[in-house]
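In what follows, a structure is listed as structure tokens, so that the remarks can point back to it.
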Amino acid sequence: AQSVTQLGSHVSVSEGALVLLRCNYSSSVPPYLFWYVQYPNQGLQLLLKYTSAATLVKGINGFEAEFKKSETSFHLTKPSAHMSDAAEYFCAVSDKDSSYKLIFGSGTRLLVRP
Amino acid sequence: EPEVTQTPSHQVTQMGQEVILRCVPISNHLYFYWYRQILGQKVEFLVSFYNNEISEKSEIFDDQFSVERPDGSNFTLKIRSTKLEDSAMYFCASSDTSGGNIQYFGAGTRLSVL
């Protein structure tokens, strides 16, 4: 069965600093991986996805993630944090063994200090 | 840009009552999902729906739950007899293909069972 682990329930950075949100996955088959962002009182918005093409994936709002098979990781990064990046971020893997449902990690809340 | 619409945004009900949560997926999408997020916890898969039938359901999706696509546009989640533990944010999602394609999420319905 596939699973996702997000290290760090809360990450705090200063505005302008590097953002690094960690995600490790477990999958018996090549995975489809996603990062979603949830702003307060809103739904889930896709940031980026990996579907076995380029290992470095660029998303919206300056975010990118690198798929590393050897480390079973898909960490999310952004070179320079902005106040508007404060939100909850979810890593997810698509379950190819069934209906391609998304299996989510527990989420990381990003706090951006002025 | 097309979006998934969910109504109501907040539903308050008494324990034991029936509730229906409504979703209008993106019009050309074929795959539909319900997820829920209990406050402070991860997003969990409930059920997937394709070609007018359930393709997969989780252990959470017991006999108290049902889904329906009553017409060409709506996708509903019914809880027959609500319990306190059903209090959560319920998200509807849709995609136009399975696999690595994007699931688009609605803003969610917050269900409060008193």
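The values are calculated or read from the model by the stated rules, or taken from the named source; none is laboratory data. Note that this is a predicted model, so its numbers are computed, not measured. We place every Cβ from the backbone using ideal geometry, glycine too, and count neighbours over all the protein chains shown. These accessible areas exclude ligands, DNA and RNA; they are computed on the full protein's heavy atoms, side chains included. Shrake-Rupley method; radii C 1.70, N 1.55, O 1.52, S 1.80 Å.
Descriptive notes on the structure:
- The HN-Hα couplings worked out from phi for the stretch A:58-69 by the Karplus form 6.51 cos²θ - 1.76 cosθ + 1.60 (θ = phi - 60°) are 9, x, 7, 6, x, 7, 8, 9, 10, 7, 10, 5 Hz, whole numbers, x standing for Gly and Pro.
- Our summary gives chain B a relative contact order of 39 percent, counting only alpha carbon pairs under 8 angstrom and 6 or more residues apart.
- Modelled spin-label separation between A:Thr77 and A:Ala53, with each label point placed 7 Å from Cα along the Cα-to-Cβ direction: 2.1 nm.
- Rounded Å value of the spacing that divides the Cα centres of the stretch B:38-114 and the stretch A:37-114: 22
- Residue by residue along A:37-43, Cβ atoms of other protein chains within 10 Å of the local Cβ number 4 on average.
- Under a Gaussian network description of chain B, with springs only between Cα atoms under 10 Å, the residue in B:Val24, B:Val43, B:Val67 that fluctuates furthest is B:Val43.
- Residue-level accessible surface for A:Arg109, protein heavy atoms, 1.4 Å, Å²: 90
- Share of alpha-carbon pairs per 10 Å distance bin for the stretch B:58-110, given as whole %: 19, 47, 30, 4
- A 1.4 Å probe run over the protein chains yields, for the stretch A:9-53, 46 Å² of accessible area per residue, whole-number rounding.
- Remark: mean inter-chain Cβ contacts per residue of A:44-52 equal 3, using a 10 Å Cβ-Cβ cutoff to other protein chain atoms.
- √(5λ) per eigenvalue of the Cα gyration tensor, chain A, largest first, Å: 24, 14, 12
- When peptides B:32-42, B:54-64 are sorted by average Cβ neighbour count within 10 Å, with the highest value leading, the order is B:32-42, B:54-64.
- Using the Cβ-Cβ distance between B:Leu39 and B:Gln17 with R0 set to 25 Å, the FRET efficiency works out to roughly 0.80.
- Computed over the stretch B:49-113: relative contact order in percent, which uses C-alpha pairs under 8 Å that are six or more apart: 24
- Here the stretch B:1-68 has 43 percent of its accessible surface on carbon and sulfur atoms, given a 1.4 Å probe and all protein chains in place.
- For the pair A and B, the buried accessible area comes to roughly 1600 Å² in total, with a 1.4 Å probe and the value rounded to the nearest 100.
- Measuring with a 1.4 angstrom probe and ignoring ligands and nucleic acids, A:Asp95 comes out at about 20 Å² accessible.
- Peptide B:103-111 shows a mean partner chain C-beta count of 4 within 10 Å per residue C-beta.
- Area accessible to solvent at B:Phe105, 1.4 Å probe radius, in Å²: 20
- With R₀ set to 30 Å, the beta-carbon distance separating B:Leu114 from A:Thr5 gives a calculated FRET efficiency near 0.30.
- When the other protein chains are added to the chain by itself, burial of at least 50 square angstrom of heavy-atom accessible area (probe 1.4 Å, ligands and nucleic acids ignored) affects these residues of the stretch B:48-66: B:Glu56.
- Rolling a 1.4 Å probe across the protein heavy atoms gives chain B an accessible surface of 50 Å² per residue.
- Portion, in percent, of the accessible area of the stretch A:15-114 that falls on carbon or sulfur, probe 1.4 Å: 52
- Legend: no residue in the stretch B:20-36 is shielded by at least 50 square angstrom of accessible surface upon adding the remaining protein chains to the isolated chain (1.4 Å probe, heavy atoms).
- Calculated FRET efficiency for the pair A:Ser98/B:Ser9, C-beta based, R₀ 30 Å, to 0.05: 0.50
- Residues in the stretch A:91-112 occluded by at least 40 Å² - accessible area, probe radius 1.4 Å, against chain by itself: A:Ser99, A:Tyr100, A:Lys101, A:Leu102, A:Phe104
- Taking every DSSP beta bridge that has both ends in chain A, the antiparallel portion is near 85%.
- Considering only B:Leu30, B:Leu21, B:Leu77, the mean-square fluctuation computed in a Gaussian network model of chain B, springs between alpha carbons under 10 angstrom, is largest for B:Leu30.
- Rg/Rg_globular for the protein assembly as shown, with Rg_globular taken as 2.2 N^0.38 Å and Rg from C-alpha atoms: 1.01
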